[in-house]
Amino acid sequence: MRQEAPLLWHEATKSYIVSRYEDVERVFKDKAGEFTTENYDWQIEPVHGRTILQLSGREHAVRRALVAPAFRGADLRDKFLPVIERNSRELIDRFRHSGSVDLVADYATRFPVNVIADMLGLDKSDYERFHGWYTAVIAFLGNLSGAQDVARAGERTRVEFAEYMLPIIRARREAPGDDLLSTLCTAEVDGVRMSDEDVKAFCSLLLAAGGETTDKAIAGIFANLLAHPEQLAAVRADRSLIDRAFAETLRCTPPVHMIMRQAAVDVELSGGTVPKGSTVTCLIGSANRDEDRYRDPDAFDIFREDLSATNAFSAAADHLAFALGRHFCVGALLARSEVEIGVGQLLDAMPDLRLADGFDPVEHGVFTRGPKSLPVRFTPVSG
């Protein structure tokens, strides 16, 4: 597709598919205001309610200013790094003496959801409900065939999550604490506060987007490193390389493979014109392996010189896994912190980490993608 059909009409998704790095980058950065996020009106509003992803202009800028401080700088460092460290350690304590674990089922799927629930001041004992909700939401997002049971399950999640969250939001407004939910309830920019519905929708988005993506990123990092033992050994010896391993995983096996946008005007891209009002599906996985952008793009190489780990978690990233521009992932630095801490603690607990005999990791998924299972063996650390 990159070579022969860089702009492809895809009847099943009723969208134009773009697969080259230069085109996906242009759509995401959108310097000329040619693309909107109106696709989220039908793609995610039925399950989350109206979220920050759908907003533009001043409305988007103010909402982002309300939520962004919690995910960077002093708040992230002082409030939430201890939360991340504690949640990772609690999960590892369950298996650190066992000598075997499925890194997906027993760690990766649980860790980011537990962290977000803890950050929000929610009861982690409701983990199974959170996980069920975000799994239904992600299935809805990837429901390209329009299966009715998947659609209904996603829409049911919106109702159930609202019934769960709205009383908690009202209680936090009455008696704010030191948690992220209280911060969201009380934050104010230019006289604007988030409504109960705004806060609920953001929490729903945070659980789904923050849970599913970091889950698959951690699984992907280990799948990639286990397939390249010399790079695993390098990361084990020098933990500053965790950032490089994460950045290269985001490029080579990104957790999110597709992001859609809506054309506000007729737009010329490689291979032709996208008509005004059309949906554009950006293939992140393809763009991140564009041979015109990366040397030996199908190789996993944490030492590659054409990918910067320094900028990998900012809007100046030279991979596309977090999108770019004004809708660049607000949780990128949170994800980085979770990965740095989680991967570091796992390496400490499993000094001779190896795949279970005969197991070959296989990626699953369309919109989001990663290993479904990653059984490993290790010699427990004494003491």
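Observations on the structure shown:
- Considering only Glu197, Glu363, Glu160, the mean-square fluctuation computed in a Gaussian network model of the chain, springs between alpha carbons under 10 angstrom, is largest for Glu160.
- Remark: the chain carries 42 Å² of accessible area per residue (probe radius 1.4 Å; ligands, DNA and RNA excluded).
- Remark on Phe95: its backbone amide H falls under 5 Å from none of the residues 5 or more positions apart or on other chains, H modelled at 1.01 Å from N.
- Ellipsoid fit via the Cα gyration tensor, segment 259-383: semi-axes of 36, 17, 15 Å, each the root of five times an eigenvalue, largest first.
- Averaging Cα coordinates gives a centre for segment 339-383 and one for segment 257-272; these two points are 37 Å apart.
- Taking 0.36 nm per residue of separation and subtracting the Cα-Cα distance, full extension of the segment from Asp78 to Thr379 would add 105.0 nm.
- Hydrophobic, long helices, defined as DSSP H runs whose alpha-carbon span along the helix axis is 20 Å or greater and whose mean Kyte-Doolittle value is at least 0.5, occur in the chain at 196-226, 332-349.
- DSSP beta bridges fully contained in the chain are about 85 percent antiparallel.
- Distance violations [Cα-Cα > 30 Å] among Lys31/Lys124; Lys31/Lys79; Lys14/Lys216; Lys276/Lys372; Lys216/Lys276: Lys31/Lys124; Lys31/Lys79; Lys276/Lys372; Lys216/Lys276
- Note on segment 165-291: with neighbouring protein chains present and a 1.4 Å probe, carbon and sulfur make up 53 percent of its accessible heavy-atom surface.
- Three-way shape label, the chain, alpha-carbon gyration tensor, a/c 1.5: oblate
- Among Gly370, Gly177, Gly142, the residue with the largest mean-square fluctuation in a Gaussian network model of the chain, with springs joining Cα atoms closer than 10 Å, is Gly177.
- Percent accessible area from carbon and sulfur atoms, segment 81-151, protein chains only, probe 1.4 Å: 49
The values are calculated or read from the model by the stated rules, or taken from the named source; none is laboratory data. What you are looking at is a predicted structure, and each value in this text was computed from that prediction instead of being measured. Ligands, DNA and RNA are stripped out before the accessible areas are found, and what is left, the full protein with its side chains, is counted by its heavy atoms. Shrake-Rupley method; radii C 1.70, N 1.55, O 1.52, S 1.80 Å.
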